[in-house]
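Engineer: Before we start, here is the structure in question, set down as structure tokens.
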Amino acid sequence: MISRRNSVWLIPLVLILTFPFWQAPVARFLAPRGGYDPEFANRKTDEHHFVIENANILQTDKGVKTADIRAARALTGTRPNDFLLEAVNADIYSDNGEKTNVTARNGLYNTVSRQLVLTTKVIAIREKDNYRLYTDRLDYNDNTKKVICPGTTRIAGNGVEIIGSSMTYSLLQNTYDVGGRVHASMQGFGHL
């Protein structure tokens, strides 16, 4: 005798036995519309492109501020982790906290390699020594703490003016290396 409690197992049995009759209409109803395009799976995903007005990038190392990069505009670059900067005003800090202010019309900053490349009318002012650096390109690598100017560079301040074909400055050792044909003018150093 089949009681109400035992009749529950009849539902799956009826569904299994009648499967050939209802399978085709249900499969047509559940089929995706519009067909399948195999190239859809291989398409490139959209990249995120954005513009930030009045951008401020703060760079730290072990909780200590190493650079504060401000720009009127920051745009995403063609490579991942690159920001294209316009009207850049940056402060670079040495290990002992000495600040060097750098301004430029254009720049590029990579968040992974921590490299800052400044171009077009670059001016760096080292407040402690009152020295100014003028160039058209300045590359700063925070990992090596080096500033490299591959083009003509002019350093002026405290009665000294040095012009060279290139310049490298180490923030760790506080040394300048001016390359190429160097012209120097010094005032107020007495006679030899």
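Engineer: I need the strands (runs of 3 or more DSSP E) fully contained in the range 135-192, keeping only those with at least 1 residues that are touching a Cys at 6+ places or on another chain (Cβ under 8 Å), at pLDDT 85 or above and of a type outside the set (Gly, Ala, Ser). Step through it out loud before you land on a result.
Structural biologist: Values: elements: 146-149, 153-157, 160-164, 166-170, 175-179, 183-186.
Filter on the range 135-192 gives 166-170.
Engineer: I'd like to verify a number: residues in the range 145-177 that are among the β-branched types (Val, Ile, Thr), open to solvent by 60 Å² or more (accessible area, probe 1.4 Å) and either touching a residue at least 60 places away in the same chain (Cβ under 8 Å) or out of contact with any Ser or Thr (no Cβ under 8 Å at 6 or more places or on another chain) (or both), how many?
Structural biologist: Count: 1.
Engineer: For the range 101-121, what are the residues that are in a strand (DSSP E or B), touching a residue at least 24 places away in the same chain (Cβ under 8 Å) and either closer than 25 Å to THR78 by Cβ or under 11 Å from the mean Cα position of the chain (by Cα) (or both)? Steps first, answer last, please.
Structural biologist: Initially, the range 101-121 is screened for residues in a strand (DSSP E or B), giving 101-110, 115-121.
Still in the running and touching a residue at least 24 places away in the same chain (Cβ under 8 Å): 101-102, 104, 107-110, 115-116, 118.
VAL102, ALA104, GLY107, LEU108, TYR109, ASN110, GLN115, LEU116, LEU118 - these are the residues of the range 101-121 that are in a strand (DSSP E or B), touching a residue at least 24 places away in the same chain (Cβ under 8 Å) and either closer than 25 Å to THR78 by Cβ or under 11 Å from the mean Cα position of the chain (by Cα) (or both).
Engineer: Please give the number of the condition GLU127 fails out of (1) surrounded by fewer than 16 Cβ atoms within 10 Å (Cβ to Cβ); (2) without any contact (Cβ under 8 Å) to a residue 24 or more places away in the chain.
Structural biologist: Every listed condition holds for GLU127 apart from (2).
The values are calculated or read from the model by the stated rules, or taken from the named source; none is laboratory data. Just so we're clear, the structure is a prediction, and the values are computed from it rather than from any experiment. Reconstructed Cβ throughout: ideal geometry from the backbone, glycine too, with neighbour counts over all protein chains shown. Note: areas computed on protein heavy atoms with side chains; ligands, DNA, RNA excluded. Shrake-Rupley method; radii C 1.70, N 1.55, O 1.52, S 1.80 Å.
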